[in-house]
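K.L.:
So that we are looking at the same thing, I have put the structure below in structure tokens.
Every number here is computed from the coordinates shown, using simple stated rules; none is lab data. A quick note: this is a predicted structure, and the numbers were derived from the prediction, not measured. Because the Cβ atoms are built from the backbone with ideal geometry, glycine has one as well, and the counts that use them run over all protein chains shown.
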Amino acid sequence: VVDGAAVVLSGLVRVSSRRSKCPLPDALSADDFLAGNPGVQGSNLFVSLDTLMQAGLFDEALMSCTDRDLMIRIFDLNRPSFVAVSPPRWTVIHYADEDRPRMSTFGSPAKLNGL
């Protein structure tokens, strides 16, 4: 995707009661994932196989927040080269119906357990 990059983040369009493009961060650190999610999820995240293996893959025991957990462990490796792919490369449309409960609904037991 991007030569030499360990992590590539692509654009995400979130569709709920309105449609909005999530801004791409210029830089990231593990701290960004401790307080919230800066617009990274498995569907707009590309990780080199080497980096993914060294970080320990996704933790399937977590009910939620596996993407945040993985990113914290990737940054704990102290070596990711991070690249944010700028628009017009918005590659993901994420539908988040607000009238339907999901595992990742804010404050849900699954979400809190995943944190």
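K.L.:
Quick query: amide H of His94 versus all other amide H atoms, modeled in the peptide plane; which residues come in under 5 Å with a sequence gap of 5 or more or a different chain?
P.N.:
Val13, Arg14, Val15
K.L.:
Can you compute the modelled spin-label distance between Asn78 and Phe46, with each label point 7 Å from Cα toward Cβ, in nm?
P.N.:
Placing both labels 7 Å beyond Cα along the Cβ direction yields 2.9 nm.
K.L.:
While we're looking at this one, here's another question. What does the charge count around Leu57 come to, taking other residues whose C-beta lies under 15 Å from its C-beta (Lys +1, Arg +1, Asp -1, Glu -1)?
P.N.:
Numbers: positive: Arg68, Arg73; negative: Asp50, Asp59, Glu60, Asp67, Asp69, Asp76.
My count for the surroundings of Leu57 gives -4.
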